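Chemist: Just dropping this structure here.
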Amino acid sequence: MNTHLSVNVNKVALVRNTRHLGIPSVTRAATLCLQAGAHGITVHPRPDQRHIRDSDVHDLAALMKDWPDREYNIEGNPLHNLMPLVRLVRPHQVTFVPDSQGQFTSDHGWRFPADAAVLKDLVAEAKDLGARVSLFMDADPAAMAAARAVGADRVELYTEPYAQAHGQASQDQVLAQFKAAALAAQVAGLEINAGHDLNLFNLRDFVQTVPGVREVSIGHALMADALEMGYNATIQAYLKCLQA
């Protein structure tokens, strides 16, 4: 099983929003990534629209109709601005992330049992709309059964702790924690995604050690690489890490 690559295009929108010229184009960036072999496109629209705007969500949904073998993943907090977009766009996958309004970046997963009650109905609604539902989760094996109990299909493991440990003395210990979480998720009936601070230097070690990773969502590092290498070469480099 090869792990799929979903490209987060938020940073393209962030650069575009610094001027009023419409460049760089989010849909053009997505097209180039798909042409290079990316398996999907991810966006994380936030309430302040500091990068991805509602119009981008709709424009990308229209674009993805031309790529029926690829997937569109919309992530965000279902208690903020996410669900109205999901109801209109009906993406292939919805990733629920417990970030606060104005938060700099996502930095933790859902907590159980505290978040179970609020998530259950929202998960059910997203699935009724035809979306696969993934929950953004810390690498806590004990929480995986609870994530499945609220109806989730997948968990997206929050990988910043791994990225910080990569190349350090704690790397093996941290990877063991992620491996245990992935195994617990599989036992609970969940599939596994992963994302946050994955890059060309740490991605291969992660997918070779953590079993069953179906998809990684990568934005910041990938776009930084694309500034130097171009979209095609960058996508090929990430796919090579995933196919190893």
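Chemist: Would you mind finding the one in T18, T27, T3 that is within 14 Å of Y72 (Cβ to Cβ) and β-branched (V, I, T)?
Modeler: On the way: T18 fails: within 14 Å of Y72 (Cβ to Cβ); T3 fails: within 14 Å of Y72 (Cβ to Cβ).
Step by step, each of T18, T27, T3 is checked, and only T27 is within 14 Å of Y72 (Cβ to Cβ) and β-branched (V, I, T).
Chemist: Testing R204 on (1) farther than 22 Å from P141 by Cβ; (2) out of contact with any Lys or Arg (no Cβ under 9 Å at 6 or more places or on another chain); (3) assigned to a helix (DSSP H, G or I), one condition comes back false. Which one is that?
Modeler: Here R204 meets the rest and fails (2).
Chemist: Can you give me the number of residues within segment 32-62 that are surrounded by 18 or more Cβ atoms within 10 Å (Cβ to Cβ) and either polar (S, T, N, Q) or touching a strand residue (DSSP E or B) at 6+ places or on another chain (Cβ under 8 Å) (or both)?
Modeler: 16
Chemist: Scan segment 148-170 for residues that are surrounded by 17 or more Cβ atoms within 10 Å (Cβ to Cβ), touching a Lys or Arg at 6+ places or on another chain (Cβ under 9 Å) and either modelled with pLDDT under 95 or outside any loop (DSSP other than H, G, I, E, B) (or both) and jot them down.
Modeler: Residues satisfying the conditions are R154, V155.
Chemist: While we're on this one: Of all residues in segment 207-222, count the ones that are polar (S, T, N, Q) and not in a helix (DSSP H, G or I).
Modeler: So the count comes out to 1.
Chemist: Right, another one. What pairs can you find where one residue is in segment 22-46 and in contact (Cβ under 8 Å) with a residue 60 or more places away in the chain, the other is of a type in the set (K, R), and their Cβ atoms are less than 7 Å apart, with a gap of 6+ or different chains?
Modeler: H39/R70; G40/R70
Chemist: Checking N193 against (1) touching a helix residue (DSSP H, G or I) at 6+ places or on another chain (Cβ under 7 Å); (2) surrounded by 22 or more Cβ atoms within 10 Å (Cβ to Cβ), which single condition isn't satisfied?
Modeler: Just one mismatch for N193, condition (1).
Chemist: Show me the helices (runs of 4 or more DSSP H) entirely contained within segment 1-98 in which 2 or more residues are within 19 Å of Y231 (Cα to Cα) and within 15 Å of the chain's Cα centre (by Cα).
Modeler: 10-16
Chemist: I'd like the residue in segment 220-244 that is small (G, A, S) and over 18 Å from the mean Cα position of the chain (by Cα) and, out of all such residues, is farthest from G40 (Cα to Cα).
Modeler: So the first thing to find is which residues in segment 220-244 are small (G, A, S), and the list is 221, 224, 226, 230, 233, 237, 244.
Adding the requirement that they be over 18 Å from the mean Cα position of the chain (by Cα) leaves 226, 230, 233, 237, 244.
Details: A226: 17, G230: 18, A233: 17, A237: 16, A244: 19 Å.
Among them, the one singled out is A244.
Chemist: For segment 124-160, how many residues meet the condition of being over 19 Å from the mean Cα position of the chain (by Cα) and of a type outside the set (A, V, I, L, M, F, W, C)?
Modeler: Of the residues in that region, 3 qualify.
Chemist: May I ask you to say which residue of Q186, Q173 is outside any loop (DSSP other than H, G, I, E, B), free of Cβ contacts under 8 Å to residues at least 24 places away in the same chain and either touching a Phe, Trp or Tyr at 6+ places or on another chain (Cβ under 7 Å) or surrounded by fewer than 17 Cβ atoms within 10 Å (Cβ to Cβ) (or both)?
Modeler: Result of the check over Q186, Q173: Q173.
Chemist: Inspect all residues belonging to segment 101-123 and state whether any of them is exposed (fewer than 15 other Cβ atoms within 10 Å of the Cβ), in a loop (DSSP other than H, G, I, E, B), within 17 Å of the chain's Cα centre (by Cα) and hydroxyl-bearing (S, T, Y).
Modeler: The answer is yes, given that some residue of segment 101-123 is exposed (fewer than 15 other Cβ atoms within 10 Å of the Cβ), in a loop (DSSP other than H, G, I, E, B), within 17 Å of the chain's Cα centre (by Cα) and hydroxyl-bearing (S, T, Y).
The values are calculated or read from the model by the stated rules, or taken from the named source; none is laboratory data. In this text, all values refer to a predicted model and were calculated from it rather than measured experimentally. A quick note on method: Cβ atoms are made from the backbone with ideal geometry, for glycine too, and the neighbour counts reach across all protein chains shown.
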